[in-house]
Every structure is written in structure tokens, then in C-alpha cells.
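Structure first, commentary second.
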Amino acid sequence: DAVMNYPFTTAVLDFVVHRSLDAEGFARQLSRLVAALPTRVHHHAFNLLDSHDTPRLLTLCGGNKAKMKLASAVQFAFAGAPCIYYGDEIGMEGGNDPDCRRCMEWDPARQDRELFAHYRSLIALRKRHPALRTGEFRVRHAEPGGSVVAFERFDERERLIVILNNDGEPKTFTTDWGGRRWLDALSGETVVDGRTPAAAPESSVELPPYGFLILAEGK
């Protein structure tokens, strides 16, 4: 039942790399992807961002690791099976075929270990949170002409909010947090605590250029 989810590839690259989709357009594309396939197929779709037939992701991003991390965050937070082209996780570059098929770099001294740690953290995150694998999807925020998209992944046990900024400038995201505590799902640190009596119903979080936040609802 698995399919190569090339429409996912196009949507993410158009939002992060080419910036031909604004926030509203990207959110609409993600919603269409969810609606286009039966749930069982959608959860097993191969979500790829590059392959042996395309330039490598880091090359597409112009060497900008923040953009690459943003794209990979969507890949791991969206429904479907993330497919990493070998070597992306350690910073390999390459243009059109055959340049994208360079031999794997096995020497740790020549690998980008910080980027490798980023991918490991996303893999661990997805393993910790079943809602990222098989949960429902819902757009929370996406404005016409905007650069910030927020969507939820949730099931009967947990809820996460994924916030993305595809702009080269910092952005602020403001919403009603429902009087609950929200943790950075990667670090475990509290980002928003709406439980205190003095807490305002709405508050803001800051996103760096091409930054993202994945927040998990605290207990």
C-alpha cells in the first residue's frame, strides 16, 4: 500500500526552498495530501525530499542548514514514512544526476555531526510520539501572504503543535494556548505555561529565521 509521495516533496520544497507557496498555500497543500489518500495508505506513504534522481536537499537549500532542518522537521512531523536519502543526514551535497549519487562519506571527521544529531533527534521524537506517526492532522494557523504555518498532530492520548517559519527574518506566533503547559518536544523545556493565574489566554513564541518549534501538550 506504500506510495512515493512526490506531491509532498513538491509542497515542502515550494514552501521552504523556492518560497513559491505562502503559508496559506502550503497549509492547503498539506490538507489536500491528507484528503487525497485513504488513511492506511497515507500513513505508509514514502515522504521524500530528494533522491537519486534529484539534486540533494542541502544543495537545493543553497547550503543553508536552517532551511534543510526546517524541511526535515515537516518530513518527520507530517503523516507518512520519512525517507532520508543516504548521506543527507551528514551533510552530503550534490547537483543533478549523477552528481547526487556520490559515494557515501563514512569518515566521521568529514561528516556534519551537528546535522546528524538533528536527524537523530527527529527520529527519536517520532518514536516517542505515536500521534506524529498515526495521529490526525489539522491546520491551526496559516495566513495569506504569510510565512508562518502551524498545524496539529493528535490522537486520543496526546496533542502536538508544529510551527514553521519559512522566512529569512524572525517571526512571532501568537495563539490561545488553552490554559495548558506546552513543552518543546525536542528539549523537554517548558515554552508556554498557561496554567498560572496570571497567564494571559494568548501569548507568543518566537521563531528564528527558517526556524521551527514542535510543542507537546504537558501533563
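Quick note: the coordinates plus some simple rules give every number you see, no bench work behind them. No experiment lies behind these values; they were computed from the predicted model shown. Cβ coordinates were reconstructed from backbone atoms using ideal geometry, including for glycine residues, and neighbour counts include every protein chain displayed.
General remarks:
- For residue 81, residues with placed amide H under 5 Å, excluding near neighbours: 45, 46, 47
- Between amide H atoms placed 1.01 Å from N, distances below 5 Å from residue 64 occur with no residue 5 or more places distant or on a separate chain.
- Segment 143-219-segment 1-31 distance, computed between alpha-carbon centres (Å): 21 Å
- Candidate cross-link partners of residue 69 among the lysines, defined by an alpha-carbon separation under 25 Å and a same-chain spacing of 8 or more, comprise 127, 171.
- Across segment 65-82, rounded Karplus estimates of 3J(HN,Hα) from the backbone phi angles (6.51 cos²θ - 1.76 cosθ + 1.60, θ = phi - 60°) give 5, 4, 4, 4, 5, 4, 4, 5, 4, 4, 4, 8, 9, 9, 5, x, 9, x Hz, Gly and Pro being marked x.
- Phi-based couplings in Hz for segment 131-144 (Karplus 6.51, -1.76, 1.60; Gly and Pro marked x): 5, 6, 8, 10, x, 6, 10, 8, 6, 9, 7, 5, 9, x
- Karplus 3J(HN,Hα) series, Hz, for segment 34-50 with 6.51 cos²θ - 1.76 cosθ + 1.60 (x for Gly, Pro): 5, 7, 6, 10, x, 3, 4, 6, 4, 6, 10, 5, 7, 8, 10, 10, 7
- Dipole moment magnitude, nearest 20 debye, segment 152-219 about Cα centre, only Lys, Arg, Asp, Glu C-beta charged: 220 debye
- For q = 0.09, 0.11, 0.17, 0.19 Å⁻¹, Debye-computed log10 I/I(0) when each Cα of the chain counts as one equal scatterer: -0.35, -0.53, -1.26, -1.53
- Assigned charges on the beta-carbon of Lys, Arg, Asp, Glu; the chain dipole about Cα centre (debye): 540 debye
- Relative intensity of segment 115-161 on a log10 scale, I(q)/I(0) at q = 0.17 Å⁻¹, equals -0.61, per a Debye sum over C-alpha point scatterers of equal strength in the absence of solvent.
- Amide hydrogen neighbours beyond the local backbone of residue 138, cut-off 5 Å, H modeled: 152
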